[in-house]
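The values are calculated or read from the model by the stated rules, or taken from the named source; none is laboratory data. What you see is a predicted model, and the numbers here were worked out from it, not measured in a lab. With ideal geometry, Cβ positions are generated from the backbone for all residues, glycine too; neighbour counts draw on all protein chains shown. These area figures cover heavy atoms from the full protein model, side chains too; ligands, DNA and RNA do not enter into them. Shrake-Rupley method; radii C 1.70, N 1.55, O 1.52, S 1.80 Å.
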Amino acid sequence: MTTTYAALLRGINVGGAKKVPMAELRTLMEGLGHSGVRSYLQSGQAVFTADHGDEESLAAEITAAIEKTFGFSVDVIVRDHAYLAAIADNCPFPAAELEAKQLHVTYFSEPVDATRFAAIDQQAFLPEEFRLGDRALYLYAPDGLGRSKLAEQLAKPRVNKGLIATSRNWNTVVKLVEMTAAE
């Protein structure tokens, strides 16, 4: 049985560092035996179909292939359509009423709980807010991610220790659900 997944690459093509051209990423993933490989934007999203492996083994396979091909390590999270759709469906914020730049999802490599974020005084950052989901964090940043003081706190190494964490704006969240849907 084949499953459609999205691979989320962390920190590529930002400020000239860790350049991974999307055409080369598609070729690399096809070389791993994946089919229907498509990319979205230049910031590290690829959708593909696989008939082997699970999310963790596929992420490890893609990570190793990127390092071998490009000469640097890139963290990769792989998620299937059902998971991506559930993240969009379970958004605790009124996504339809917000601009896409105001709502972000950080995907984590493993489950997280509230104790990891206990040192962050959420009241001090209002109207910015965050809520936890299934291996994800939803961030409402009314002035956008680039101006978000709460996002700065959430990205600190002490908060994300031991995790792969990569964020996407709401447009990308929705697009990945669409792209991984059965055709």
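Modelled with pLDDT of 95 or more, within 16 Å of A6 (Cβ to Cβ) and not polar (S, T, N, Q): which single residue out of A59, A65 fits that description? Going through A59, A65 in turn, just one is modelled with pLDDT of 95 or more, within 16 Å of A6 (Cβ to Cβ) and not polar (S, T, N, Q): A59.
Yes/no matrix, rows are residues, columns are (1) open to solvent by 20 Å² or more (accessible area, probe 1.4 Å); (2) among the basic types (K, R); (3) part of a loop (DSSP other than H, G, I, E, B):
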site: R26; (1), (2), (3): yes, yes, no
site: E30; (1), (2), (3): yes, no, no
site: S43; (1), (2), (3): yes, no, yes
site: V47; (1), (2), (3): no, no, no
site: H52; (1), (2), (3): yes, no, yes
site: A59; (1), (2), (3): no, no, no
site: I66; (1), (2), (3): no, no, no
site: L84; (1), (2), (3): no, no, no
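What's the total number of residues in segment 5-24 that are in a helix (DSSP H, G or I) and open to solvent by less than 70 Å² (accessible area, probe 1.4 Å)? Write out each step before concluding.
Here is the first cut: in segment 5-24, the residues in a helix (DSSP H, G or I) are 22-24.
Going one step further and asking which of them are open to solvent by less than 70 Å² (accessible area, probe 1.4 Å), we end up with 22-23.
Matching residues across segment 5-24 total 2.
Checked against (1) assigned to a loop (DSSP other than H, G, I, E, B); (2) under 21 Å from M179 (Cβ atoms); (3) not aromatic (F, W, Y), A119 meets all criteria but (2). Yes or no: segment 137-155 includes at least one residue that is at negative phi, loosely packed, with under 12 Cβ neighbours inside 10 Å and assigned to a loop (DSSP other than H, G, I, E, B). No, the conditions are met nowhere in segment 137-155.
In this entry, V76 is excluded by the filter for residues that are in contact with a Lys or Arg (Cβ under 6 Å, 6 or more places away or on another chain) and closer than 19 Å to V177 by Cα.
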